[in-house]
1. Would you mind computing Rg(Cα) / (2.2 N^0.38 Å) for the range 121-256, counting N as its residues?
2. Can you flag which of 142/200; 38/234; 74/114; 74/121; 142/234 are past 24 Å Cα-Cα?
3. Ignoring chymotrypsin sites (Phe, Trp or Tyr not before Pro) that are buried or in helix or strand per DSSP, and keeping those with at most 11 other beta carbon atoms within 10 Å, what is the longest stretch of the chain between them?
4. Under a point spin-label approximation (7 Å from Cα along Cα-to-Cβ), what is the residue 77-residue 217 distance to one decimal in nm?
5. Find the relative contact order for the chain and round it to a whole percent, using C-alpha pairs within less than 8 Å whose residues are 6+ positions apart.
6. Share of the range 178-256's accessible area from carbon and sulfur, percent, 1.4 Å?
7. Send over a whole-number figure in Å² for the accessible area per residue of the range 74-205, probe 1.4 Å.
8. Out of all DSSP beta bridges with both ends in the chain, state the antiparallel percent to the nearest 5.
Amino acid sequence: MSWFLTNVLAAFLLPPFSLLLLFALGMIMLARRNRWAKPFLLVTLCLTWVACTPYFTEGAMHLLEVRTTPLGDKPATAEAIVILGGGTYFRAPEYAGNDTTTGFVLERLRYGAKLQRETGKPILVTGGKPLGNSIAEATILKSTLEQEFHVPVRWTEEASNNTYENALYSLQILQKAGINKIYLVTHAWHMPRAAEVFRKVGFEVIEAPTSFTTRYEINLLTFLPQAESLQGSKIVIHEVIGLLWYQLKSGFIKPS
């Protein structure tokens, strides 16, 4: 299934589109005088409120993040560092219209650069061209790491369009270098799914998560709907669907 088709199907399951579809269905039921219309709309309203409220979305993020742990001061030794991509900032005006990395991915690069300086291990960056753009994400990640963070990148994996392909194609590259044990760098909420896939294709993974969900304090604003929380809800549902999908398709993900 192509990256584009996968994301079109995902849009129907993820907020805000999924919530709009529920609301539209409720309005159709109401127009037809269905006795369940009002309860259905009330449930949809409650789901929308939960999906937009920091207290609940952050709590859901924590349920993913507790499945991984920070590296700590004295991590186990790996042979290489693999940093996962996660999007491109296309035609950035402030960079002369060139493609560059997003702030989202910079969080991973920043931590990967820190880890490289501390361990001295070589870096592989992974990310392809899911939209058919001319420059692979891995090429952009390599440029950012070397020019802005001043750390070297030894390998680039430029063909992958999803996490499974990140793992499979990275394995093909690193096996040629005799490398099997890696530090895997990605967001803490993404780590449970990413680490599972990388292990299933044959890697020995030391998890190196970054960007945990934290908050200074819980106050009234934590319980008021905010647009930013929809992004958190989208991430949680996407990760849960991804975990379930890989469980269902585990027969197709064979160790090398």
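1. Taking N as the residue count of the range 121-256, the ratio is 1.20.
2. Result: 142/200; 38/234; 142/234 exceed 24 Å.
3. By the stated rule (loop sites, at most 11 other Cβ atoms within 10 Å), 37-215.
4. Going from the residue 77 label point to the residue 217 one covers 4.6 nm.
5. Once normalised by length, the contact order is 25 percent.
6. Carbon-and-sulfur percentage of accessible area, whole number: 63.
7. 43
8. 15
The values are calculated or read from the model by the stated rules, or taken from the named source; none is laboratory data. Computed from a prediction, not measured in an experiment: that's the story for all the values here. Note that we place each Cβ from the backbone using ideal geometry, even for glycine, and neighbour counts take in every protein chain shown. Ligands, DNA and RNA are stripped out before the accessible areas are found, and what is left, the full protein with its side chains, is counted by its heavy atoms. Shrake-Rupley method; radii C 1.70, N 1.55, O 1.52, S 1.80 Å.
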